[in-house]
Amino acid sequence: MEETKELTKRCHALNYNDLSEEVIDRVKYLTLDYLGVAARGSLSESSAPILNFVSNRGMVREGAVVIGTDLKADPTYAALANGTFAHSIELDDVVNEASLHPAVVIMSSALASAHIAGRGGRSLIEGIVVGYEAMVRLGFALDPTAHYAQGFHPTGTCGTMGSALTAAKILGLDQEAMTNALGIAGSQAAASMEFLSDGSFTKRLHAGWAAHSGVIAALLAREGFTGPGTIIEGRYGFLRSHSPSSDPSSLFKNWGDPFKVMKTSIKPHACCRYKQGSIDGILEIMHQNSLNPSDIKEVKLGILKAGFPIIAQPEESKYNPKSIVDAQFSMPFGAAVAILHGRATLEEYTEKNMMSSEIKQMMERIHCVEDPELERDYPKKWPASVSLSTKGGQQYHAKIEFPKGDPENPLTWDELIHKFKNLISPIFTDERGVEIISYVRGIELAKNLKDLSRLLSKS
């Protein structure tokens, strides 16, 4: 099969009228989550140099909104900033089967492209569904475990290609130009996992750069620039170059049944997705048994094989995080703050807590192990196991099949709105928050997105 052309054919053919009310509502749900996460991410340490970079190079009077700021930038630079913001606090959505974060890339690309084309809510929704579908399917076809083992971060690699198709869809490119956009994007798809070695900011940039690169790819294709028409399946194409065990046959399996936006998880805890189930299990045991942190003797956490080198190794760095990024990817740190504070929110992932002797002492009681029992349904499920023993000799166990936020265990709209309001509280007034929520829940009625841009601007 000519996978590249088949993918662009399907993306080009997708129409708003083909989408169910359930799918449209889900896009709104994911959009609101993204906007809250991006707004709060604008305040992160890594966002300051991004803002300086964009303000020095990409500012234009009628530019696209840089969320949570008073800046208006060239849309490609707005996508760079917004994607980086949204990936900086580890609260963005994730798709288990592909082990990647779609919204940070696809939403950033969609907003930028809608600004360029002057498109409204329905076009935005189309582009988001297309981007999620392509990005997630490519991630799954790569074999996430093998892709990670090669040193690639799929949010950046697959995201670049998903962003290009989102942008191409919203810009109204024909199928040939859409194929060129995908080919151009595939030549830019790169994102290294080496940030794990020293806690650097580059992971956060992967999302923004993917959004940025994808929009540029679509704009180049619109001008007649060409890209390889076999970028997915070719001898040197994406699937072969980025994974030793990719499976092209899985790319179109059950297309749209359901759409991948329906299989997306929302994070309640401000850390790596591989930590979420373990934290849920700890909180469940602590709450149900009214345990005090002083009661804890040892906690043994069963970790998925794919996640083990990301959140549990090397032990020296995981037990001694040197940066917020390190802490976000340290299972011992996440477990310790959950035990001591009863949660693992942004307020827990701080330099103060990283230096806390109390947290360091609790981390010494946390042990991570690979649990073969967890692997049977991976990557469709991301389960976790927790075994906790007390100083009094009691033993407690929890098995989390579906962490909170999974489609099978979702945040309700009310819970999502609560998360959104908490995230935006340092940036926007309560009244502005209500306006944003109302706008997003009726976004399909918008003829253009100028009012949304106004609402997302701090000025």
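Structural descriptor for the range 242-349: relative contact order 32 percent, calculated from alpha carbon pairs under 8 angstrom and at least 6 residues apart. Between the Cα long axis of helix 103-117 and the first principal axis of the chain there is an angle of about 20°, rounded to the nearest 10.
Where the eigenvalues come from the Cα gyration tensor of the range 189-348, what are the semi-axes √(5λ) of the equivalent ellipsoid, largest first, in whole Å? Walk me through the numbers before you get to the answer.
Values: eigenvalues 293, 70, 50 Å².
Sorted largest first and rounded, they come to 38, 19, 16 Å.
Where the only charges are on Cβ atoms (+1 Lys, Arg; -1 Asp, Glu), what is the dipole of the chain about its Cα centre, to the nearest 20 debye?
On the way: 47 positive and 54 negative charges, 130 e Å.
Dipole magnitude for the chain comes out near 620 debye.
Taking only C-alpha pairs under 8 Å that are 6+ residues apart, what is the relative contact order of the chain in percent?
Working: 949 pairs, mean separation 92.6, N = 459.
Taking the mean separation of contacting Cα pairs over the length of the chain, I get 20 percent.
Rounded to the nearest 10 degrees, the angle from helix 21-41 to the longest Cα principal axis of the chain is 70 degrees.
With Cα atoms as the point set, the range 147-190 shows a radius of gyration and Dmax of 11.5, 37 Å. In plain terms, the C-alpha convex hull of the range 314-459 casts an average shadow of 12.7 nm² when viewed from every direction.
If you take all C-alpha pairs in the range 12-103, what percent of them are over 18 Å apart?
Numbers: 2192 of 4186 pairs.
So the portion of pairs separated by more than 18 Å is 52 percent.
For the range 273-400, take N as its residue count and report Rg(C-alpha) divided by 2.2 N^0.38 Å. Write out the running numbers ahead of the final one.
Values: Rg = 13.5 Å, N = 128, 2.2 N^0.38 = 13.9 Å.
Against the compact-globule rule of thumb, the ratio is 0.97.
In plain terms, if you count all Cα to Cα distances in the range 221-274 and split them into 10 Å steps from zero, the share in each step is 17, 25, 36, 19, 2 percent. The calculated FRET efficiency for the pair R343 and R235, based on their C-beta separation and a Förster distance of 41 Å, comes to about 0.25.
Treating only the Cα positions of the range 136-215 as identical point scatterers, give the base-10 log of I(q)/I(0) from the Debye formula at each q in 0.18 Å⁻¹. Debye curve over Cα of the range 136-215, log10 I(q)/I(0) at q = 0.18 Å⁻¹: -0.71. Multiplying each eigenvalue of the alpha-carbon gyration tensor of the range 282-331 by 5 and taking the square root yields semi-axes of 24, 14, 10 Å, largest first, rounded to whole angstroms.
Restricted to Cα atoms, the range 236-313 shows a radius of gyration and a Dmax of 18.7, 57 angstrom.
Nearest 500 deg cm²/dmol is fine: what mean residue ellipticity at 222 nm does the chain get from its DSSP H runs of n ≥ 4 alone, each adding -39,500 (n - 2.57), divided by its residue count?
Numbers: 21 runs with 237 residues, N = 459.
Helix-only estimate at 222 nm: -16000 deg cm²/dmol.
Using only alpha carbons, the chain has a radius of gyration to Kirkwood radius ratio (Rg to Rh) of 0.97. All other residues whose Cβ lies under 11 angstrom from that of I170 are scored, Lys and Arg at +1 and Asp and Glu at -1, for a net of +2.
Quick note: the coordinates plus some simple rules give every number you see, no bench work behind them. A quick note: this is a predicted structure, and the numbers were derived from the prediction, not measured. Reconstructed Cβ throughout: ideal geometry from the backbone, glycine too, with neighbour counts over all protein chains shown.
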